[in-house]
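Beneath this line is the structure, given in structure tokens, with notes to follow.
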Amino acid sequence: MIGKADSGHGLPGHVHEATPDGVSWYQTNKGRLVLVTGACLAIAWTASLLWPAAAHWLFVAACLIGVVPVARRAFAAASAGMPFTIEMLMTIAATGALFIGAAEEAALVVFLFAVGEVLEGVAADRARASIRALGDLVPKTAIIEENGATRQVDAAALAIGQILLVRPGDRIAADGEITDGVSGIDESPVTGESVPKTKGVGEPVFAGSVNREAALRVRVSKAAEDNTIARIIRLVEEAQEARAPTERFIDRFSRIYMPAIVGLALLVAFLPPLAFGGEWSVWIYRALALLLIGCPCALVISVPAAIAASLSTGARQGLLMKGGVVIEAAAKTGIVAFDKTGTLTAGRPRVTEILAFGQSEHDVVAWAAAVETGSSHPLAMAIIDRAKADAIPVRAASQATAIAGQGVTGVLDGVAIFVGAPRHAVKRARFDDQANAAVERLEAEGKTVAAVIANGSLAGLIALRDEPREDAAAGVAELKELGVRSVMLTGDNARTGAAIAGALGMACKAELMPDDKVAAIKSLASEAPVMMVGDGINDAPALAAAGVGIAMGSGTDVALETADGAVLKSRVRDVAAMIRLARATMSNIRVNIAIALGLKAVFLVTSVFGYTGLWVAILADTGATVIVTANALRLLRFKAGQA
Ligand SMILES: Nc1ncnc2c1ncn2[C@@H]1O[C@H](COP(=O)(O)OP(=O)(O)OP(=O)(O)O)[C@@H](O)[C@H]1O
Ligand SMILES: [Zn+2]
């Protein structure tokens, strides 16, 4: 909401337009107003020493110069149906002060109000600039190779298929695939991951990452606006627009609060003089101070400033959240449900054992690999890789069909083959005691067993193991420290699931068919707010069912669009980091609201009883805004990860 023209919270004007790049505060209209009113004040003060009679009129002039632009905005809003604006409060207070003869204070009020606006603008711009800085990471130009010659082109105009020449030290200008060369690539701008990765021919690279070592040729695979970094920036910018429930509360609050303040001011102005003969000028003066105290700008700025700072900090650390709503929900997380394959584990299972029953090991692997050509499951790739490694030719089975959550079937050389989970395989072939014992033992070791059935009898067992990510146990432990429970959701069998989950120190719900995951999330949600973490691609329904759905993955393979947020570094610990950042943001907001309301409450009382006057009132208002914004900007330096 910062930087947008007012979007209906009834408090226009105090919300800041983005300052264009390269424009300093004093070059903006509001900045010039500060300089002009400041100069008038200085002249008037000097004059008051030399020629007191003229000083009064100089203060009046200073006040009028300052109040006219504010009054114009106030009346524009009023004629648009929003009479209770911050500008209106300010206009009434300043002109009122002029009428009761407090010209010096009226001028000071107008000046400090202008200063406050400029300070807010500077702070809001800082939060925004740190998001925009992400975009500056993509170079403006690129060198392409065409018909054997090279030329420099505009990076925004790069077309898919063009070949980029990337020298060592260059930033890569587009998402693409390496066609020539091997080099260490620093992807920290895109994923927040600071350790460079060595990449070679055929591997993807992302716009904004830095080529560290050797020259590369890269084939452009995405148009400029579809680059991963462009998508991330767009997402963070859109996220800024999404309004948190707390923010909506403040809007509603302000809508009642502003008229209430005006009513109270009228009461203070008229009641004492009419009821018990108070001095008119005294009570009008106090009422005007009350109007200034009533200005809710600190309250209005507190939430969006904190959210903008938090989104930007998160983005730089590879933690994306789509707006204040997500931050607020993430902060409340009581249970994190993790998908197993590809989230808690690396998603690259390896074959560890092959047991053959009455067949050769060779045939077991050959049959299994043949039907697995019809599946895109990670287990399928592992089995095919094993066949290749053992120099067993992989032929494609006919009629190969994947059965979701169970396995695959197909026919090779007239042999009908099934490869899949033993609990489904037992319906297709008899398992003797020896086979059952082997399955039990392997699963208890955290391995997934694929039973291979040929023409209705068990031909063999293939055990596979998908190692947990290096930081999975640490991530689960960090979550526990935050008071958050972790649960693993998996389609794998209960024994394997329990073995892996147990080693990581978390609970497990296993043997879930794809639809069951949604039901599992819903039942967890009845216990505590759930965050679901998955790869975002085949578990979109589960991500959607959870209070917060977070996709985990690096660069292009993460489905940013389907989730509420993403952990770009593929680290389990970053899930804890995200919750920490969300909680820090919410407590920052709570502190800000307390500061804003607390200061107002104190000065409300002192103004009504006449202990403090107009200029203290406006100073408290501006001061509260500055304190609140400065506090929000502290989030820009928040380190979400634990050392
Ligand atoms: N192509 C396949 N080859 C062998 N077994 C398979 C295949 N597809 C599915 N299975 C079996 O079915 C089970 C359930 O599969 P599903 O894809 O639902 O879950 P998963 O990938 O193992 O686990 P997760 O839910 O954690 O991603 C697997 O654990 C495996 O035993
Ligand atoms: Zn204010």
**Prompt:** With θ set to phi - 60° and the Karplus curve 6.51 cos²θ - 1.76 cosθ + 1.60, what are the ³J(HN,Hα) couplings of region 106-122 in order, to the nearest whole Hz, using x for Gly and Pro?
**Reply:** 4, 5, 5, 4, 5, 5, 5, 4, 5, 4, x, 5, 5, 4, 4, x, 4
**Request:** Evaluate the distance, in nm, between pseudo-label points positioned 7 Å from the Cα of A391 and of R428 along their respective Cα→Cβ axes.
**Result:** 3.0
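What dipole magnitude, in Debye to the nearest 20, does the chain give about its Cα centre under +1 on Lys/Arg Cβ and -1 on Asp/Glu Cβ?
Numbers: 58 positive and 62 negative charges, 218 e Å.
The dipole magnitude comes to about 1040 debye.
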**Whole-angstrom Cα spans of the chain along principal axes, big to small** = 114, 65, 42
**Message:** For a quick check: with amide H placed at 1.01 Å from N, whose amide H comes under 5 Å from F338's, ignoring anything fewer than 5 positions away on the same chain?
**Reply:** V487, M488, L489, V533
**Of G446, H377, Q434, farthest towards positive along the dipole that unit charges on Lys, Arg, Asp, Glu beta carbons give region 350-465** = H377
**Asked** How far apart, in nm, are the 7 Å Cα→Cβ label points at F357 and T141?
**Response** 6.9
**Request:** Mind pulling the angle between the C-alpha long axis of helix 280-293 and the longest principal axis of the chain? Nearest 10 degrees, somewhere in 0 to 90.
**Result:** 20
**Prompt:** Whole-Hz Karplus ³J(HN,Hα) for region 71-77, in order, using 6.51 cos²θ - 1.76 cosθ + 1.60 and θ = phi - 60°, x for Gly and Pro?
**Reply:** 5, 4, 5, 4, 6, 4, 5
**Request:** Let me have the 222 nm mean residue ellipticity of the chain computed from DSSP H runs of 4+ only, each contributing -39500 (n - 2.57), with the sum over all residues rounded to the nearest 500.
**Result:** -16500 deg cm²/dmol
**Request:** Report, in degrees rounded to the nearest 10, the 0 to 90 angle that the Cα long axis of helix 361-372 makes with the longest principal axis of the chain.
**Result:** 40
**Complete:** Taking alpha-carbon centroids only, region 424-498 lies from region 562-586 a number of Å equal to 28
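About the Cα centre of region 141-226, how large is the charge dipole given +1 on each Lys and Arg Cβ and -1 on each Asp and Glu Cβ? Please answer in debye to the nearest 20.
Working: 9 positive and 14 negative charges, 38 e Å.
The dipole of region 141-226 has a size of about 180 debye.
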**Request:** For the chain, find the longest principal axis of its Cα atoms and tell me its angle to the long axis of helix 433-444, 0 to 90°, nearest 10.
**Result:** 30
**Asked** How far is the Cα center of region 87-118 from the Cα center of region 591-630, in Å?
**Response** 16
**Asked** Just how large is the dipole of region 350-465 about the Cα centre, in debye to the nearest 20, putting +1 at every Lys and Arg Cβ and -1 at every Asp and Glu Cβ?
**Response** 280
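Show me 169-176, 575-582 ranked by packing, highest mean number of other Cβ atoms within 10 Å first. Don't skip to the end; give the middle numbers.
Numbers: 169-176: 23.1, 575-582: 25.9.
Per-residue mean Cβ counts within 10 Å order the peptides as 575-582, 169-176.
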**Request:** For region 141-226, just the Cα atoms, rotate onto the principal axes and tell me the three extents in Å, largest first.
**Result:** 35, 25, 20
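Below 15 angstrom from the Cβ of A380, what's the summed charge of the other residues (Lys, Arg +1; Asp, Glu -1)? If you can, show how the numbers build up before the last one.
Numbers: positive: R348, R350, R386, K388, R395; negative: E372, D385, D466, D492.
Taking every other residue near A380 into account, the sum is +1.
Can you tell me how much longer the chain between F276 and K522 gets when fully stretched, taken as 0.36 nm per residue apart minus their C-alpha distance, in nm with one decimal?
On the way: separation 246, 0.36 × 246 = 88.56 nm, distance 6.38 nm.
Gain in length upon complete extension: 82.2 nm.
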**Item:** Qualifying lysines (Cα of each under 20 Å from Cα of K639; at least 8 residues distant if same chain)
**Value:** K322, K332, K480, K569
**For F338, F84, order by how many other beta-carbon atoms lie within 10 Å, fewest first** = F84, F338
**Item:** Computed log₁₀ I(q)/I(0) - Debye formula, equal Cα scatterers, no solvent, region 479-602, q 0.15 Å⁻¹
**Value:** -0.75
**Complete:** Quick shape summary for region 350-465, equivalent ellipsoid via Cα gyration tensor, semi-axes whole Å in descending order, reads 19, 15, 14
**Message:** Applying a 10 Å radius around every beta-carbon, put 490-502, 41-53 in order of their mean neighbour count, most first.
**Reply:** 490-502, 41-53
**Complete:** Restricting to aspartates and glutamates and to Cα separations under 17 Å from K517, and discarding same-chain partners fewer than 8 apart, the set is D339, D492, E527, D535, D539
**Asked** What ³J(HN,Hα) values, in whole Hz, does the Karplus curve 6.51 cos²θ - 1.76 cosθ + 1.60 give for region 524-532 when θ = phi - 60°, with x put for Gly and Pro?
**Response** 5, 5, 6, 8, 6, x, 10, 10, 9
**Asked** Which one of F84, G101, V195 has its Cα pushed farthest toward the positive end of the charge dipole of region 65-223, where Lys and Arg give +1 and Asp and Glu give -1 at the Cβ?
**Response** V195
**Asked** Which residue, chosen from S183, A173, V218, occupies the Cα position most advanced towards the positive end of the dipole of region 141-226, where the dipole is computed from +1 (Lys, Arg) and -1 (Asp, Glu) charges on Cβ about the Cα centre?
**Response** S183
**Message:** Can you order the peptides 301-310, 612-621, 101-110 by their average number of other Cβ atoms within 10 Å per residue, highest first?
**Reply:** 301-310, 101-110, 612-621
**Y611 paired with W25, simple spin-label distance in nm, labels 7 Å along Cα-to-beta-carbon** = 3.0
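Once the piece of chain linking D515 and D180 is laid out straight, how much longer is it, given 0.36 nm per residue of separation minus the C-alpha distance between them? Provide the component values of the computation, followed by the final result.
Values: separation 335, 0.36 × 335 = 120.60 nm, distance 4.36 nm.
Computed gain between D515 and D180 is 116.2 nm.
Under a Cβ-Cβ cut-off of 12 Å, what is the net charge of the residues other than L524 that fall near it, where Lys and Arg count +1 and Asp and Glu count -1? Present the calculation step by step, with values, prior to reporting the outcome.
On the way: positive: R485, K509, K517, K522; negative: E527.
Here the count lands on +3.
Only the coordinates and a few stated rules stand behind these numbers; no lab work does. Please read all numbers here as calculations on a predicted model, not as lab measurements. Neighbour counts run over all protein chains shown; Cβ positions are idealised from the backbone, glycine included.
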